[in-house]
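In what follows, a single structure is set out as structure tokens and then discussed.
The values are calculated or read from the model by the stated rules, or taken from the named source; none is laboratory data. All values derive from a computational prediction rather than experimental measurement. So basically every Cβ, Gly included, is an ideal-geometry build from the backbone, and we count neighbours across all protein chains shown. Only protein heavy atoms, including side chains, enter the accessible area calculation; ligands, DNA and RNA are left aside. Shrake-Rupley method; radii C 1.70, N 1.55, O 1.52, S 1.80 Å.
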Amino acid sequence: MKLHPRLAPIKAGVFPLVNKDGMPEISAKLHRELSAKFGRKGFIEHDAKGTIGKRYARMDEAGTPYCFTIDGETAANQTVTVRDRDTGGQERIALDQVSKFLSDRLGL
């Protein structure tokens with residue numbers, strides 16, 4: 001479903017790539033931060049079940065415009081992978097810039 005990011009009921013998904021090596025803790029912290037800031041604008045989903053491809057597919061079906069994945073590089077260099085629903089493209093951004101990235105893309 002291709003909804004404009006401002007109209008999407010779920011604004012973003014936050015995922016740990018795997019449930020070990022500190023990834024769940026980092027993703028839970030990011031989820032709390034984003035929920036606190038954007039919770040009134042729409043849901044921020046946190047999902048740690050299944051393969052990353054299946055999680056992306058679930059978010060695509062729900063119309064979620066952006067997914068942030070915590071992976072092995074996150075702890076080392078404080079970056080996350082952000083995936084765009086419409087293009088399927090991925091890029092790395094700084095962990096402390098996720099909130100600004102989302103705010104800019106949602107036009108808030």
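Structure data summary
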quantity	calculated
Net charge dipole size for segment 1-63 [Lys, Arg +1 and Asp, Glu -1 on Cβ; Debye, nearest 20]	240
Backbone N within segment 55-73 under 17 Å of label point (7 Å from GLU33 Cα along the Cβ vector)	67-73
Accessible carbon and sulfur surface of the chain relative to its total accessible area, %, 1.4 Å	54
Relative contact order (%) - criterion: Cα under 8 Å, at least six apart; region: the chain	30
Whether segment 1-55 is rounded, prolate or oblate, judged on the alpha carbon gyration tensor where a/c under 1.5 counts as rounded	oblate
Spatially near lysine pairs across the chain, Cα under 13 Å, sequence gap of 8 or more or different chains	6
Given charges at beta-carbon only (K, R positive; D, E negative), |dipole| of the chain in Debye	400
Förster radius 22 Å - calculated FRET efficiency between ASP21 and THR51 (Cβ-Cβ, nearest 0.05)	0.85
Spin-label model distance (nm) - PHE43 vs LEU108, 7 Å beyond Cα toward Cβ	1.6
Cα-based helix-to-principal-axis angle, 23-38 vs the chain, degrees rounded to 10	30
0 to 90° range, to nearest 10: angle between helix 52-62 axis and the chain longest Cα axis	20
